[in-house]
Structure formats: C-alpha cells, structure tokens
Amino acid sequence: MTTAVHEPRGGLGPDAQKLCVFGLMAVLLGLAAVTGLPSVGDAPLLSGVAMPWWLLAPGFVVTEWFVLHIQVRREAHTVSLSELPLVLGLFFAAPTELLIGRLVASIVTFGIIRRSRPLKGSFNLSLGLMEVGVALALFRLLAPGTGGIGPGSWAAAYAGALAADWLSALAVAGAIAVHEGRLDVPATFREAVFHPMPAVAVTTGLLAVTCLAASVTSLPLLLVFMALLLASFRAYASLAERHLNLERLYRFSQAVSSGPDPNDVLASVLAEAKELLRAEQAVAAFPSPDGAQVTRVRLDPEGRLIRSVEPSTPEDDWLLGQVHNGGQPLLLPRNTTDPGARRWLASRGLREAVVVPLSGGADVPGGLAVGNRLGVIRTFEQDDVLMLETVANHSGVALRNSELIGQLRHDARHDSLTGLPNRADLQRRLTTALDDVSAGRAPGAAVMILDLDEFKAVNDTLGHHQGDLLLVEVAARLASAVGSVGTVARLGGDEFAVLLADTADESRVLRIGRRVLRALEQPIALDGLEVEVGASVGVALAPAHASDPAALLKRADLAMYDAKASARSLKVYEPELHTDSPRRLTLVSELRAALQNGTVQVHVQPKARLGTGEVVAVEALARWEHPELGWVPPDEFVSVAERSGLIGLLTTRVLDASLAACARWRDAGWDVGIAVNLSARSLQDADLVEEVDRMLRRHGVPANRLTLEVTEGSVMADPARAVALLHQLRDLGVRLSLDDFGTGYSSLSYLQRLPVQEVKIDRSFVTGLGREGENLAIVRAIIDLGRHLGLEVVAEGVEDHATGELLASMNCDLVQGWHLARPMPTDELVGWLAAHRNARAHGPLRAV
C-alpha cells in the first residue's frame, strides 16, 4: 500500500488546496461506499479460520509500522506490506470485520503513532477504506463461487489487492498535484504498476491463506515467517536508504569539487545539503569575530546565493555557544523539549533542524544548518547528523581548495612584486576589449607601454632590493594616476603597460599619459637618497593602429622606443615607425654583441678651412661590418640603436674610440680635433659631463680638441635640460656644434640660448647648391647669421669643386664632404694628412 505524507507547498493557495483534498476524500469515501457496502453482511469466503476485526487491526498496524519511505522532490511515499493482512481478511474475515479492522488500524496509525495533521490523517483514512472496498468488490466478483482455494481465487485476490494499490497511488499523485500544481502521470503509472512490494505482499498472503486452510497448526510457523519477512523488509528499507544516501553523497562530492569558485562551491553545498537530508532549508551562517553580527548565506528559488548580514540575537548566541564555540554538531528534532532549542527553532521559523560546524575558505568558523524535513513521517535522526557532518567536512575542504585555486589563479595573472596584473592578464583584458570594439560594443581601446629611464643604474648602484622598492613605488603611483579609467599592468623588468578600454579619443589618452608621467616627476626615497625616475611612454590605439592584441602591443612598443630615442617622453604610434623586417630583429640582438666585442668601428671624415685647405678636425662616423650582412648602413643601425635603447652604449663606444685615436694622432705630431655626434638620449643623461671629463683625462686629450655635435631636434625634446647640460660641457672646455642647422622649426629662437661655437649647414641645402636658387639663399643667410653671432660655419656634403667655389665666395669657414675626402679608418688618417699637406701647394680648393 502507498500512503501520502506530502507537505503543502506551491501550486494552489492553502484554501484551494484544502478544498481539493476534501474533494479527493469525498471521491475516495464514495468509491469505498459503492464498492464495499454491497458486501456488508456477507460471510467469510473460508470458514476454517476466523479473523475478527480486533485481530486484523493489529496486522494492519504492524505492517504500517514496518515501512519503506521513498522521497520524491517535496513528497514522501510510504510503501508497506499492508496487502498481507488484506489478503488474509479477504479469505477469512467477513467484509464488515475487514472494513472495521482497517478503519481502526488507520485511526491508530495516523492519529496516534504518526500524529498526522487532521487533514492528512483523514485523507489517509479515506484511502485505506477505499482500498478495502475496491479489493472486496473485485475479489467477490472474480472469486469462484465454490469457496475453495485455487488459481481462480488467487487471481481474484491479486486483482483486488493490486487494483486497490494502483488506485491508491493515483489518489496520492492527485494530492501531490494539488500541492505542486502538476501531475506526472507517466512517473505515477510506472511507480504503481512496476513496484514489486505489493505483489510480494499479496503472494505471501496467498501462501499464508493456503497453509492455514490446509492446517490451522501452521499458524505459529506462519507468524515466525511473517515476522522474519517484516524484519527483512525493514532491513531492506534501511539498506536501500543508506545506499541512496551514499549515492547522493558521491554526487555531492563531485558537485563541490567541480567548481573552483567559492560562491559556486557554497551554492553546491547548500543545494546538495537540502537534497541529501531531504530538507526544506539549508543555510550557512558565519558570525563576525566579535559576535555582534551573523552573515547568513542561502539559496533563492532560482538557486542563486543570497547573503544577509543581521544583528546577532540571544538565540544566535545560544547556538554559537552550542555549535561554533564547542565545535560539536547539534540535533534539534521535532517536538524537542530543550528550551534553548525551541526558542532558536521558533526564531528561524523551523520545526526541526540539524546544525554542524562549518570551516570556510578563510578559516572563519561558521555553521551549516538544515531545517524542516520534507514529509512528516520522520524527523531528523542521528544518522542525519553524521551525514551533515560529512557534508560540512567536504564543504570545508572544497572551500579551502577553491580559495587555494583562486589564489593560484590570482598569482598566475598578477605580478608577485607589485600586485599589478601581469602580461598574461593584460593580454586577456586586451583581447576582451578588442572583441568589444570589433563587435561594436565599444568605440575603441588604447594601450600605453611605459619604460623607466636609468632603472639599471639604480640596480647597479643601490642593489636589486632597492630596485624592487622603486618598482613597487612606481606601480603605486601609476595605479593612482590611472585610477578606475584603466588597468595598469607590469610586463616585466621596468616595463609597465596601461590599458584604456572603451575609448577612441586620442586627446583623452594623451591627457592620461601626461598624468602618468607627472606622477613620476617627484623623487623617490631609496636607501636615504632621493632618486629621480623618468619614463618613456608609447601609445597605440585600436582600431586606428591595429585590431588584434599582439599587433597593438607591438605598435605601442615601437612608439615607446621612438619616444625613448627622441627623448620626447610621450609618443603616439606612426606608421613610419613600423617595420616587420626580420633583419631589424637580427640587428637588435647582434648590435649589442658588436658594441661589446668592438666590432663597431670608427671612421673619420676630415673638415678643412676654405681658402687654405688646412684640415683642423675630423668627424667621427660609426661603421659596422656584419659578418654575414656585410656593411650595414649607419642610418639603419643607428635607428635600431635608438629604438632598442642601445644608443647610449653606441655613443660611449664611439666617444672612447674617437678620443683614443685623437691621442694617437697627437703622439704622431698631428694636432687634429675630432667631432662626435650626441643623441637626444645623451642630452638627458646626467652622467654625460662626468663621463666626457673622465674620458678626456684618461686619453690625455685637451677638452678643446673635442667637438660634440647636437641636432635641433635633440635639443627641442627637452630644451631646459638640454641647454643646462650643454652649458656644463661648455664649461668643461669642450667645443659644441649645432648639426643639421636649418631643418628645425625653432633654430633662430634657440640659437642665441645655445652655448655653441659652430653650426653645420645640413647637406640637403648644400647638395645641388648651384642648381637651386632657394638653397643658395638659405645657405647665404645661415653663413651671414653665423658670422654676426661669432660662430664658425661648416658646410657638409660638399661633393664637387663648383660647390666649394660658391661656398668660398660666401665666406663659409669650413667644408666637409667627398670632394675633400671620403670617410676612412682612424689608422689611415695620418697618411692621408701627410699626402694632403703635400698637395696644398696647388691652391686651397684644388688641394681639397
């Protein structure tokens, strides 16, 4: 037999539910009356054994006591062996006695033993009477009229008992549908028709009937057999429930292990705890360290986590003392007599509960509570406490593992020193931002690459620990400067990046870039010293410059190297900066090695006075013969040096080799000065003056024999700093020359401020001087300007005799170019000077 023990939830409203249940009860009682009343007054089918109602009633009570509970969602089904006394009553009891026995047994079972609510008890009583009535009607209809025992009466008993059981299952399903708002007809049919227990009970009853009809003396043996059968059935029910619990626990372990996120783990814990203990509610509670508040986490109807922070109540304090502080589980069964337990249950609106300690991912002590067991057959028991403790232990491990996984994931995406996102996380964020751009969800995105200036000097001078402190401070300043408008990441070493998503406004990006640079203007205190740190920033925007992460980062990197080379601090990518040539990648790596092993050589090109042809100085020119590529043009490898940060090392090597050669020429009797070009980067180097002075003293060359050439562009990158540095060099005694004069946009306005003794007319004006009238006017103006300012004027790029004649007519001071001499190795200059001196007797220009 199946009885209903459903908890009213969902579906119709409470009043409508009651009306529907009353309607079902009326149908059941009507069916019981229609099927049972016609047989009232009939005699038993067999008269050998008398079974009055007071003997049948205990049989029904006992079989209803040894039951198997099947929980399905919010409803519980009770499967019993009540078909066994029913079959005995069909054969040996009068119909009236059978109906009275079933009625009395239902009153005792549901009213006294299970203490069912009146509505539920009445429904189950009506269900029992209906089963007896239907079984009696079919049995009396189908049983042979002879009153004997045989296949016919057996079939009639099967038909009556099983039909009653199936109708009972349908009635229970109808009651469930009233509360749940739905009826699963296929599942109900499968459960009713294919459940083996009713058939087993009917078969056992028929065996008992057959034995008793044959001999009443078999009764003791039958009683022993039935007792063993009931005990086995109870053991099977317990074993089946434990097996189901193990299966649920296994699913729970899989569920909490599959989610690395603590929120996912906690959601799985609450959902599976409700399922495992078949409870209405599951709540995780975490008291604050001072006990003043309690954070409760539960699931909403859609399975989402809901957190609430509530003031702690006296009832919570009681539970805290029982579970959290003591670390012991707490069983609060239905109808508990403990005053504290009753008050806590009432405060939470619960009938019953189990609470066990729960250790969260951060080792914050808490509790896991489940309340209100679904169905009213059983309350929570000690086995449920053990089950929930197992759940809590798995949960604690899973939460700690999820925290560990989260920490590992954080470490994989963040720089361990500064705490900023690392290159991998920047790539992920940039990919997302560019996906939004390509999908039209964002107008654009921008990337800045920032490289610190002179960071290596900090490491070399103060040590790596101080260098790390510098990086931490820089990271904090950058994050503060960018704020919430972007993401700051550390790419490695002293290189940082800034991602600005959802913007295509170049002016806004540049404002943020300048704000970043200003954040680094204040000195940083390291080891008792105040260290000034600058940076070079390159900017690339999407989709203007690139639409994929790798290309956008590459373009920002190119812009940064150009900013570093030009000392402009902030540079936006331009197409001319880009090159995909593998040759450049090869040159970057091999140029560094060439500078270290001395493969980069210094050649010199003489400069002579017009009119006399006297060679007064030479210009140092770097030359690089690659073992595989041959001679690499200076414009190519100098550009590589500027963009790869090697220009400082290149300048140092050229300066050292040039002064060493000058010292050798002086030892050979030739007092010839030498000019060395300075890059924009060199003009930002505070150690340049000291380095130049050190090299002059080491090689024994007078300061006035060294000329340092600078360009207008390098000075204009940071005029104040460059002019101050040039004055220090001038004070050292070094001659200064302004190279490529006439190509800049501020030449005249800054010429008076620069402490130079010489200007060099750019070769673009000198080449073709006789053919282009505009160039002739410009050259004449520069020469006149230099004369009025007391500066020597050098014309470079003189390649023919006619150009020399024109320059002489304009009173130019010095010339340099192929007409005088091609660049040559430093060791060949002495021989060339001797030959040139012998040739000067032919006239100034012809001698040149």
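The values are calculated or read from the model by the stated rules, or taken from the named source; none is laboratory data. As the structure is a prediction and not an experimental result, all values here were calculated from the model. Ideal geometry is used to build each Cβ from the backbone, glycine not excepted, and the neighbour counts take in all protein chains shown. Protein only, heavy atoms only, side chains kept; ligands, DNA and RNA dropped before computing areas. Shrake-Rupley method; radii C 1.70, N 1.55, O 1.52, S 1.80 Å.
Put a dot 7 Å past the Cα of GLU532, heading toward its Cβ, do the same for TRP818, and the two dots end up 4.4 nm apart. At R0 = 41 Å, how high is the FRET efficiency between HIS464 and GLU280 if r is their beta carbon distance? Nearest 0.05 is fine. My answer for the efficiency is 0.10. Averaging the Cα positions of each part gives two centres, and for segment 414-444 and segment 283-307 these lie 34 Å apart.
How much net charge surrounds ALA137 when only other residues with a Cβ under 15 Å from its Cβ are counted (Lys, Arg +1; Asp, Glu -1)? Around ALA137, the surrounding residues sum to -1. Here the accessible area of segment 571-715 is 48 percent carbon and sulfur, with a 1.4 angstrom probe and all protein chains present.
When peptides 790-800, 526-536 are ranked by their average number of other Cβ atoms within 10 Å per residue, the highest-first order is 790-800, 526-536. Length gained on full extension, ASP687 to GLN752: 20.9 nm, using 0.36 nm per residue less the C-alpha separation. For segment 503-544, the relative contact order comes to 35 percent (Cα pairs under 8 Å, sequence separation of at least 6). For CYS211, the accessible area of its heavy atoms, probed at 1.4 Å with every protein chain present, is near 60 square angstrom. Summarising the label geometry, the points placed 7 Å from Cα in the beta-carbon direction at ASN838 and LEU417 lie 6.2 nm from one another. Partners of LYS456 within straight-line reach, counting lysines whose Cα lies under 20 Å from its Cα and excluding those fewer than 8 residues away in the same chain: LYS564. For segment 579-738, a Kirkwood radius taken over Cα pairs fed into Stokes-Einstein (4 °C, viscosity 1.567 mPa s) yields D = 78 µm²/s.
A straight line joining the Cα centroids of segment 675-718 and segment 510-562 runs 27 Å.
Packing order of peptides 310-317, 328-335, highest average first: 328-335, 310-317 (average count of other Cβ atoms within 10 Å over each peptide's residues). On the beta carbon distance between SER288 and VAL27, with R0 = 56 Å, the FRET formula returns roughly 0.50. Here the spin labels are modelled as points 7 Å beyond Cα on the Cα-Cβ line, and at SER507 and ARG592 they lie 4.1 nm apart. Mind jotting down the distance between the C-alpha centroids of segment 447-503 and segment 139-177, whole Å? For segment 139-177 versus segment 447-503, the Cα centre distance is 86 Å. Measuring nothing but how far apart in sequence close Cα pairs (under 8 Å, 6+ apart) lie, relative to its length, segment 432-548 scores a relative contact order of 40 percent.
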